[in-house]
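One structure is given here, and the rest of the page talks about it.
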Amino acid sequence: MDRLETTESEKKAISELLVSLRDALGSQLDSRDVSTLTQMVDEAMAGQHIQRDIFGLNPMLFGLQTAMIAVEEIGLRRDGVLAIIIYCCQISEHHPIEELSRKFGSGVAQIIHGLQRVQQLYAKSPAVESENFRNLLISFAEDLRVILIMIADRVNLMRQIRDTDREEERQRVSEEASYLYAPLAHKLGLYKVKSELEDLSLKYLEHNAYYMIREKLSATKRERDAYIDRFIGPIEAKLKEIGLRFHMKGRTKSIHSIWQKMKKQKCGFEGIYDLFAIRIIIDAPLDKEKMQCWQVFSVITDMYQPNPKRMRDWLSVPKSNGYESLHITVLGPENKWVEVQIRTERMDEVAERGLAAHWRYKGVKGDAGIDEWLGNIRAALESNDDLQMMDQFKMDLYDDEVFVFTPKGDLLKFPKGATVLDFAYTIHSNVGNRCVGGRINGKMVPVREPLRSGDTVEILTSNTQKPKQDWLGIVKTSRAKSKIRLALKETQVKDGLYAKEMLERRFKNRKVELEEAIMSQLIHKMGFKETRDFYKQLADEKLDPNEVIERYVELRNHETGNTPPPPQRSAGTFNYENPEEEFTRHNDDVLVVDQNLRGIDFQLAKCCNPIYGDKIFGFVTVNGGIKVHRADCPNAPELRRRFGYRMVRARWSGKGSSQYSITLRVVGNDDIGIVNNITSIISKEEKIMMRSINIDSHDGLFGGILVVQLDDTARLEALIKKIRTVKGVKQVERL
């Protein structure tokens with residue numbers, strides 16, 4: 001890069017600009033400011049600290065030009081101008097912020113600090129076209145004046161690089177002006193600056209399109225001017241007649257706007273009809289602004305036919321950036337549509353110069369609109385008589401968001417308070433699950449370290465790391481929370497499967513048959529709503545497998561009736577056990593399970609004891625056999641919900657010689673002889689064998705459990721009906 005040797009023409013321009021700036025700022029600059037600044041600039045020049053930039057521009061001259069734009073076209077004052085000169089002349093690189101604050105005040109130092117932070121941000125080589133970068137840029141700037149200076153700087157640079165031979169650098173600068181600085185200028189209501197940035201960007205990026213449109217505008221200028229005169233003549237006469245003070249002008253659309261419209265409508269230049277707009281600017285007192293604007297509106301719409309669909313009322317509700325105007329489109333002479341903008345002198349200055357124009361007016365109330373922060377800035381400026389608020393105003397924009405970089409320079413947005421762990425899960429769920437910490441700007445940090453705007457974050461992982469429950473309290477983003485919950489669930493499932501396999505091995509070693517239905521009952525009896533919670537406690541060694549097996553055996557014995565008889569409570573207690581040989585099922589293929597499979601290994605579930613005629617289904621056990629359950633088995637809903645994939649269709653294929661053990665519960669009055677009556681009925685029934693009766697009486701009532709052997713549901717239903725006819729029996733139900 002070339003050393004700075006200021007040419008005579010540059011020295012002359014610098015001298016003239018210094019005089020112009022002193023005149024423009026007037027009393028805002030005191031003699032101490034001028035002498036201190038002059039001394040520092042002379043020192044910088046003598047020490048050869050200043051270098052020309054990549055385009056060969058003199059930084060001192062460039063800074064003064066930028067300051068002039070900031071004063072004349074944006075409205076910055078003393079602090080902003082001094083900050084521009086000190087920063088552009090690279091004085092700030094050789095003088096600490098504290099020293100600059102002492103010599104020029106905290107306002108100047110604050111702006112310079114913001115400019116330095118922005119420069120550091122650019123040094124990360126981010127993808128500046130992203131919306132995230134624009135937001136980060138604003139939050140990094142800290143002070144609104146930093147953004148205004150950056151816009152002025154880019155306008156100046158775009159003007160100066162017209163004849164440069166550094167084509168690649170000019171293209172980069174132009175692209176940034178188009179998708180970063182022009183939208184910022186628009187956001188702040190700097191429409192004139194925004195249009196210039198867009199037009200110059202188009203000129204450098206799409207040279208042919210720019211000059212084609214410019215030449216066609218030049219060729220049609222005389223015709224366009226003549227039409228404007230014909231259109232405004234009658235309006236001008238009428239407005240003078242009613243006594244309004246105003247002036248009118250025709251405004252041609254910017255070249256960039258015309259090009260965008262041509263691309264959007266897919267037509268040539270000749271297909272764009274609204275190439276210009278008529279602007280009527282009224283010199284109205286503040287309290288009569290709206291009334292006189294609507295008066296002009298009435299005159300025009302009486303004279304020309306309006307298009308109601310294209311009316312825009314920004315008088316009643318100004319735009320969020322302070323723009324106030326009334327837009328209508330009317331059918332003018334030769335049946336051409338013409339846009340008319342009606343506004344006052346104050347509104348026009350605000351439209352041209354944005355927020356800065358508000359500083360000149362007091363008591364102007366604007367609607368905050370969508371962008372609350374802009375509304376707050378306006379309110380602060382408008383209510384401040386001595387204009388000190390702008391010097392003190394510090395932006396808290398995007399206070400609820402942070403923007404951080406990946407090591408590759410990609411920019412990511414997070415809510416305020418987000419941590420390294422949030423960043424890891426944003427990259428990938430596997431990165432998050434294995435995250436053990438990170439590096440922020442090269443410094444090692446834990447997973448709970450909060451992110452700050454502008455940080456460069458790198459994630460450290462380990463294959464042995466697993467998500468932890470307390471991570472849910474560390475992360476802020478919903479994505480990270482959902483990924484952690486999913487990972488914890490998957491871990492729990494894996495641990496549960498391991499615990500289940502371990503428990504099944506213990507059952508096998510103890511030679512205890514494991515039945516899913518009974519195990520499901522046991523899990524619920526132990527107070528677990530979810531089976532996975534039970535197996536998780538087993539995996540965490542909070543439950544003793546041996547104790548589980550003991551309780552399982554106890555429950556199984558109770559369910560199958562193999563428990564000792566209840567203690568006698570009254571003289572009516574009766575117990576009977578049939579000494580005959582235990583019941584056995586004959587495997588004569590009375591079942592068809594699933595796809596016509598016969599003769600497979602199956603067992604009748606002891607939880608519901610199905611018999612021939614019951615609606616049934618098969619359940620594949622862990623050992624590969626099939627348990628047959630009644631369709632109305634009390635365990636059926638849970639089995640379907642948790643193990644639906646292990647359920648198979650089953651039906652009775654034909655009646656065989658098998659007999660089935662059925663348990664009945666009988667409740668009634670403890671009358672003399674009632675037990676004999678019940679047993680008598682059972683003994684008289686053909687093909688029904690009594691297995692056992694356990695009856696317990698208390699306070700004149702008895703409850704009994706009867707176990708009988710029979711061969712189908714028809715015989716069972718007949719038996720139940722007969723028992724219900726016994727005097728004193730109140731209820732008979734199958735268990």
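Given LYS511, LYS483, LYS466, LYS489, which one is at positive phi and open to solvent by 30 Å² or more (accessible area, probe 1.4 Å)? Residue meeting the stated conditions: LYS511. Scanning the range 138-164 for residues that are open to solvent by 10 Å² or more (accessible area, probe 1.4 Å) and either touching a strand residue (DSSP E or B) at 6+ places or on another chain (Cβ under 8 Å) or more than 28 Å from SER453 (Cβ to Cβ) (or both) gives SER139, ARG159, GLN160, ARG162, ASP163, THR164. Among the residues making up the range 514-559, a single one is in contact with a Cys (Cβ under 7 Å, 6 or more places away or on another chain) and open to solvent by 20 Å² or more (accessible area, probe 1.4 Å): GLU559. Against the list (1) within 16 Å of ILE300 (Cβ to Cβ); (2) more than 50 Å from the chain's Cα centre (by Cα), the condition ALA226 fails is (1).
Put simply, of ALA237, ALA284 the only residue that is loosely packed, with under 15 Cβ neighbours inside 10 Å and of a type in the set (A, V, I, L, M, F, W, C) is ALA237.
Could you check LYS687 against (1) assigned to a loop (DSSP other than H, G, I, E, B); (2) on the phi < 0 side of the Ramachandran plot; (3) touching a residue at least 24 places away in the same chain (Cβ under 8 Å) and say which number it fails? With (1) assigned to a loop (DSSP other than H, G, I, E, B); (2) on the phi < 0 side of the Ramachandran plot; (3) touching a residue at least 24 places away in the same chain (Cβ under 8 Å) applied to LYS687, the lone miss is (2). Among the residues of the range 409-427, those that are part of a loop (DSSP other than H, G, I, E, B) and under 16 Å from the mean Cα position of the chain (by Cα) comprise LYS416, GLY417, ALA418. For the range 148-169, a residue qualifies if it is of a type in the set (Val, Ile, Thr) and under 37 Å from the mean Cα position of the chain (by Cα), and the qualifying residues are ILE149, ILE151, VAL155.
Taking the conditions exactly as written (at pLDDT 80 or above and open to solvent by 20 Å² or more (accessible area, probe 1.4 Å)), does GLN28 satisfy them or not? Spelling it out, GLN28 is indeed at pLDDT 80 or above and open to solvent by 20 Å² or more (accessible area, probe 1.4 Å). Is it the case that the range 644-664 has a residue that's within 60 Å of the chain's Cα centre (by Cα), open to solvent by less than 50 Å² (accessible area, probe 1.4 Å) and free of Cβ contacts under 8 Å to residues at least 24 places away in the same chain? The answer is yes, given that some residue of the range 644-664 is within 60 Å of the chain's Cα centre (by Cα), open to solvent by less than 50 Å² (accessible area, probe 1.4 Å) and free of Cβ contacts under 8 Å to residues at least 24 places away in the same chain. Of everything in the range 193-250 that is part of a loop (DSSP other than H, G, I, E, B) and charged (D, E, K, R), the residue that is farthest from ASP283 (Cα to Cα) is GLU206. Scanning the range 515-549 for residues that are of a type outside the set (A, V, I, L, M, F, W, C), over 21 Å from ASN635 (Cβ atoms) and in a helix (DSSP H, G or I) yields LYS536, GLN537, PRO545, ASN546, GLU547. Scanning the range 309-346 for residues that are among the hydrophobic types (A, V, I, L, M, F, W, C), open to solvent by 10 Å² or more (accessible area, probe 1.4 Å) and not in a strand (DSSP E or B) yields MET311, TRP314, VAL317.
The values are calculated or read from the model by the stated rules, or taken from the named source; none is laboratory data. Quick caveat: nothing in here was measured; it's all calculated off a predicted structure. Here the Cβ is made from the backbone with ideal geometry for all residues, glycine too, and neighbour counts use every protein chain on show. Heads up: the accessible areas ignore ligands, DNA and RNA and are worked out on the full protein's heavy atoms, side chains in. Shrake-Rupley method; radii C 1.70, N 1.55, O 1.52, S 1.80 Å.
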